[in-house]
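J.: Take this structure, written in structure tokens, and hold onto it; I'll ask about it next.
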Amino acid sequence: MRECKINYFLGNNLNECMSETILKSANSWIETKKKVVLATVIKTWGSSPCPIGSKMIVNEKGDFLGSVSGGCVEASIINECLELIKNKNSFKKIHFTVEDESAWSVGLACGGELTVYIEQIN
Amino acid sequence: MKTKILKEIIKRNSLKEDFAVLTNLSTGNSEIFNSKKSLGNEFKNYENKIKNFYNLKKNGIIDGTQIFILNYIKPVEVIIVGAVHIAQYLIDLLKNFNFIVTIIDPRKYFTTQQRFQKVKIINEWPNNALEKIKTNKNFALITLTHDPKIDDPALSYALKNKFFYIGALGSKKTHENRCKRLKEAGFAEKEIRSIHGPIGIKFGGKSTPEIALSIVAQLVSETNKILLNSKN
């Protein structure tokens, strides 16, 4: 892993994405009996675009809301979430770096790194 | 995460409270934390470290643990005086930023439900309205009527109660006159200068949505300053 400064993100009041909209949508998907996985940015290094706490939700149909990287790794997150549902696992940590081939393929072009934690809500 | 925890986060968010969500990344269990609550078994051993992150409103994996903490902070409150056309655009823009917005205007024909949906409106004179709200220094004031008898009492109130952001709509001339009145009312030069007037950052637009955007840009910039300062 590259030597790169870890970012600690201080609570971000202005990030609407972090709180209400996404969580309320997760709740309404659950109420319509959909399986929902919540993805949260838990660690970032360097110039990763979305701060710690940024969220995205994915349901078993592959519908998603929110963002964890501004578009770079979302496709990969959706696949991981669908796998999690399929394999009936409850959580997983996924790390993306620029050296990581999968990250290249999904294009983490910013030079940052991030860890995303995905968990089923049930 | 348990559905129960998700519902609890949504509930506490709507109550606009400070709290944090702790997640044990090795077991997948989560728990809601605030200063009044004692910690469950999985988190008890790290109480001091958790409290340290919580008090600093720091988000992330706590050093030397597998615990992830995410803080939910009571949003900044914005009072808009004047239910005018710009206010309608302001509300649209502000809803993207997790502010709590209240509109005050004593003029009934402006504060109709049809013009303003899903926002708290107080149809009273600013003095009466502001007394009903428990304000503190995490409040912002935007005055839009440029009518001294409506704007001035709100500006005086905000200055006295040390709002972190005060902005007043009006031309340079209007603002000069406003400053004179506030001086006569006994406010110090420094206090008066803390009012952003004419309100908004300059980018050359004159249309209603452009003015609203310039106000929001200024408010967000000032809000980020206090959020950073309060945590350093």
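J.: Right, residue B:163: buried (at least 17 other Cβ atoms within 10 Å of the Cβ) and assigned by TED's automatic domain parsing to the domain that holds residue B:96 or not? Explain how you work it out, then say what you get.
T.: Details: buried (at least 17 other Cβ atoms within 10 Å of the Cβ): yes; assigned by TED's automatic domain parsing to the domain that holds residue B:96: yes.
Considered against the rule, which asks whether it is buried (at least 17 other Cβ atoms within 10 Å of the Cβ) and assigned by TED's automatic domain parsing to the domain that holds residue B:96, residue B:163 comes out as yes.
J.: While we're on this one: Just to be sure I understand, how many residues within segment A:22-32 are within 9 Å of another protein chain (Cβ to nearest Cβ) and crowded, with 19+ Cβ neighbours inside 10 Å?
T.: In the first step, residues of segment A:22-32 are kept if they are within 9 Å of another protein chain (Cβ to nearest Cβ); the result is A:23-24, A:26-27, A:30.
Next, from what is left, pick out any that are crowded, with 19+ Cβ neighbours inside 10 Å: A:23, A:26.
So the answer is 2.
J.: Among the candidates A:89, A:59, which residue alone is within 23 Å of residue B:5 (Cβ to Cβ), modelled with pLDDT of 90 or more and surrounded by 20 or more Cβ atoms within 10 Å (Cβ to Cβ)? Outline the logic, then answer.
T.: On the way: A:89 fails: surrounded by 20 or more Cβ atoms within 10 Å (Cβ to Cβ).
Residue meeting the stated conditions: A:59.
J.: Out of the residues in segment A:41-51 meeting the condition of being modelled with pLDDT of 90 or more and of a type outside the set (D, E, K, R), tell me which one is surrounded by the fewest Cβ atoms within 10 Å (Cβ to Cβ). Please lay out each step first, then the result.
T.: Filtering segment A:41-51 down to residues modelled with pLDDT of 90 or more leaves A:41-43.
Remaining after also requiring of a type outside the set (D, E, K, R): A:41-42.
Details: A:41: 26, A:42: 24.
Ranking the qualifying residues of segment A:41-51, first place goes to A:42.
J.: Identify, please: which residue in segment B:11-24 is more than 18 Å from residue A:41 (Cα to Cα) and surrounded by 15 or more Cβ atoms within 10 Å (Cβ to Cβ) and is, among those, nearest to the other protein chains (Cβ to nearest Cβ)? Walk me through it before giving the result.
T.: Filtering segment B:11-24 for residues more than 18 Å from residue A:41 (Cα to Cα) gives B:11-19.
Then drop every residue that is not surrounded by 15 or more Cβ atoms within 10 Å (Cβ to Cβ), which leaves B:12-13, B:19.
Numbers: B:12: 10, B:13: 5, B:19: 11 Å.
Only one residue tops the list, namely B:13.
J.: Can you find, within segment B:47-62, the residue that is surrounded by the fewest Cβ atoms within 10 Å (Cβ to Cβ) among those that are more than 12 Å from chain A (Cβ to nearest Cβ) and among the charged types (D, E, K, R)?
T.: B:47
J.: Just to check your reading of the model, which residue among B:110, B:99 is at pLDDT below 90, crowded, with 17+ Cβ neighbours inside 10 Å and out of contact with any Leu (no Cβ under 6 Å at 6 or more places or on another chain)? Steps first, please.
T.: On the way: B:110 fails: at pLDDT below 90.
Just one listed residue meets the conditions, B:99.
J.: Which condition from (1) touching a Lys or Arg at 6+ places or on another chain (Cβ under 8 Å); (2) surrounded by 14 or more Cβ atoms within 10 Å (Cβ to Cβ); (3) at pLDDT below 95 is the one that residue B:116 breaks?
T.: Of (1) touching a Lys or Arg at 6+ places or on another chain (Cβ under 8 Å); (2) surrounded by 14 or more Cβ atoms within 10 Å (Cβ to Cβ); (3) at pLDDT below 95, only one is false for residue B:116: (1).
J.: If we scan segment A:33-40, do we find a residue that is modelled with pLDDT under 90 and either surrounded by 15 or more Cβ atoms within 10 Å (Cβ to Cβ) or within 14 Å of another protein chain (Cβ to nearest Cβ) (or both)?
T.: no
J.: Specify which of the listed residues (B:27, B:65) is surrounded by fewer than 20 Cβ atoms within 10 Å (Cβ to Cβ), farther than 23 Å from residue B:164 by Cα, over 29 Å from the mean Cα position of the chain (by Cα) and within 10 Å of chain A (Cβ to nearest Cβ). Outline the logic, then answer.
T.: Values: B:65 fails: within 10 Å of chain A (Cβ to nearest Cβ).
Being surrounded by fewer than 20 Cβ atoms within 10 Å (Cβ to Cβ), farther than 23 Å from residue B:164 by Cα, over 29 Å from the mean Cα position of the chain (by Cα) and within 10 Å of chain A (Cβ to nearest Cβ) holds for just one of B:27, B:65, which is B:27.
J.: Quick one: would you say residue B:203 is on the phi < 0 side of the Ramachandran plot, touching a helix residue (DSSP H, G or I) at 6+ places or on another chain (Cβ under 9 Å), aromatic (Phe, Trp, Tyr) and at pLDDT below 95?
T.: Details: on the phi < 0 side of the Ramachandran plot: yes; touching a helix residue (DSSP H, G or I) at 6+ places or on another chain (Cβ under 9 Å): yes; aromatic (Phe, Trp, Tyr): yes; at pLDDT below 95: yes.
Against the criterion (on the phi < 0 side of the Ramachandran plot, touching a helix residue (DSSP H, G or I) at 6+ places or on another chain (Cβ under 9 Å), aromatic (Phe, Trp, Tyr) and at pLDDT below 95), residue B:203 qualifies.
J.: Then there's this: Considering only segment A:41-55, state which residues are assigned to a strand (DSSP E or B), within 11 Å of chain B (Cβ to nearest Cβ) and of a type outside the set (Lys, Arg).
T.: Within segment A:41-55, the first condition is being assigned to a strand (DSSP E or B), and the residues that meet it are A:41-45, A:55.
Applying the additional criterion that residues be within 11 Å of chain B (Cβ to nearest Cβ) yields A:41-44, A:55.
A:41, A:42, A:44 - these are the residues of segment A:41-55 that are assigned to a strand (DSSP E or B), within 11 Å of chain B (Cβ to nearest Cβ) and of a type outside the set (Lys, Arg).
J.: So, in segment B:68-93, of the ones that are within 10 Å of another protein chain (Cβ to nearest Cβ) and in contact (Cβ under 8 Å) with a residue 60 or more places away in the chain, which residue ends up nearest to residue A:39 (Cα to Cα)?
T.: Within segment B:68-93, the first condition is being within 10 Å of another protein chain (Cβ to nearest Cβ), and the residues that meet it are B:68-76.
If we keep only those that are in contact (Cβ under 8 Å) with a residue 60 or more places away in the chain too, we end up with B:72, B:74, B:76.
Values: B:72: 17, B:74: 23, B:76: 26 Å.
Of everything passing the filter in segment B:68-93, B:72 is nearest to residue A:39 (Cα to Cα).
J.: Cβ-Cβ distance below 7 Å, separation of 6 or more or different chains: which pairs start in segment B:209-232 with a residue that is crowded, with 19+ Cβ neighbours inside 10 Å and end on one that is modelled with pLDDT of 95 or more and assigned to a helix (DSSP H, G or I)?
T.: Within 7 Å, the pairs are B:211/B:86; B:212/B:86; B:212/B:89; B:212/B:90; B:215/B:90; B:216/B:90.
Rundown of residues vs (1) charged (D, E, K, R); (2) surrounded by 21 or more Cβ atoms within 10 Å (Cβ to Cβ), yes/no style:
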{"site": "B:124", "(1), (2)": "yes, no"}
{"site": "B:133", "(1), (2)": "no, no"}
{"site": "B:142", "(1), (2)": "no, yes"}
{"site": "B:152", "(1), (2)": "yes, no"}
{"site": "B:155", "(1), (2)": "no, yes"}
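The values are calculated or read from the model by the stated rules, or taken from the named source; none is laboratory data. This is a predicted model, so every value here is computed, not measured. Neighbour counts are summed over all protein chains in view; Cβ atoms, including those assigned to glycine, are modelled from backbone coordinates with ideal geometry.
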